[in-house]
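The next block holds one structure in the form of structure tokens; read it before the comments.
The values are calculated or read from the model by the stated rules, or taken from the named source; none is laboratory data. If you're wondering where the values come from, they're calculated on a predicted model, not measured in any experiment. Heads up, the Cβs are rebuilt from the backbone with ideal geometry, glycines too, and the neighbour counts pull from every protein chain shown. Please note that ligands, DNA and RNA were not included when accessible areas were found on the heavy atoms of the full protein model with its side chains. Shrake-Rupley method; radii C 1.70, N 1.55, O 1.52, S 1.80 Å.
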Amino acid sequence: MLTQLMADGDLHCVFQPIVNLQTGQVDGHEALLRGPAGTAWAMPDALFNDARQAGIDLDLELYAARLAFETFSALKLAGRLFVNMSASALVAADIESRAGAWQAMFESLALSPARVVIEITEHERVADFQALSAVVSRLRSHGALVALDDFGDGRSSLRLWSELHPDIVKIDRYFGAQLARHATKVQTLRALMHLAQTFDCRLVIEGL
């Protein structure tokens, strides 16, 4: 069924703005996959859970990434495009596409790589840091940025931050929720800001 949804073009993307708290301007948009409204696949969790059970989770991830690029380009949205991909999907896409395919894709959509941020999600432990680092290096060679997604939720690890030196780290929404009422969350974010300065990267806090 999911394969048919992809073939028929029944999946679509919505875009969540990312705002710069200093300027109030929209710096970018995160692409979020959606299925047909009113169905069991309306939200991404259901889509990806079923895809994993069917053994087509990598296919769905790559389809979602391509759809995000195409839709963002067609809508001519402002700022950078943030696209979620797992470490496994990134490595698989790089192996299948061979060197130069990333650049070809950017050129075909008339989208500057400098406007693309690949958010690495960690659904499972990264088995091959060397392979992932190589992919990240190739993306950066084309001008794209790299982010860690949902840092602090128990999956995204400090080792990834240290090994990959991401340009952006997105902090899990738990730490932004009701921030003013939780002194420990404030202290945690201050510590993460210190890490960001040490590693020379930017922080994005989800859910504010």
Looking only at segment 82-92, which residues are among the hydrophobic types (A, V, I, L, M, F, W, C) and touching a residue at least 60 places away in the same chain (Cβ under 8 Å)?
Phe82
Output the residues belonging to segment 41-60 that are open to solvent by 20 Å² or more (accessible area, probe 1.4 Å) and assigned to a helix (DSSP H, G or I).
Pro44, Asp45, Ala46, Phe48, Asn49, Asp50, Arg52, Gln53, Ala54, Asp57, Leu58, Asp59
Please state which of the following conditions Lys170 fails to meet, knowing it meets all the rest: (1) assigned to a helix (DSSP H, G or I); (2) among the basic types (Lys, Arg); (3) closer than 19 Å to Ser86 by Cβ.
(1)
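Does Leu77 fit the bill of being surrounded by fewer than 18 Cβ atoms within 10 Å (Cβ to Cβ), of a type in the set (A, V, I, L, M) and not in a helix (DSSP H, G or I)?
Numbers: surrounded by fewer than 18 Cβ atoms within 10 Å (Cβ to Cβ): yes; of a type in the set (A, V, I, L, M): yes; not in a helix (DSSP H, G or I): yes.
In short, yes.
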In the set Glu119, Glu163, Glu124, Glu70, which member is open to solvent by 20 Å² or more (accessible area, probe 1.4 Å) and either part of a strand (DSSP E or B) or modelled with pLDDT under 85 (or both)?
Glu124
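Quick check: is even one residue across segment 17-32 touching a His at 6+ places or on another chain (Cβ under 7 Å), in a strand (DSSP E or B) and hydrophobic (A, V, I, L, M, F, W, C)?
Step one: filter segment 17-32 for residues touching a His at 6+ places or on another chain (Cβ under 7 Å), giving 17-18.
From what is left, the residues that are in a strand (DSSP E or B) are 17-18.
Now restrict to residues that are hydrophobic (A, V, I, L, M, F, W, C): 18.
Checked segment 17-32: at least one residue is touching a His at 6+ places or on another chain (Cβ under 7 Å), in a strand (DSSP E or B) and hydrophobic (A, V, I, L, M, F, W, C).
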Out of everything in segment 5-21 that is aliphatic (A, V, I, L, M) and surrounded by 13 or more Cβ atoms within 10 Å (Cβ to Cβ), what residue ends up being farthest from Ala37 (Cα to Cα)?
Val19
Take Asp153 and tell me if it is in a loop (DSSP other than H, G, I, E, B) and either open to solvent by 10 Å² or more (accessible area, probe 1.4 Å) or of a type in the set (Asp, Glu) (or both).
yes
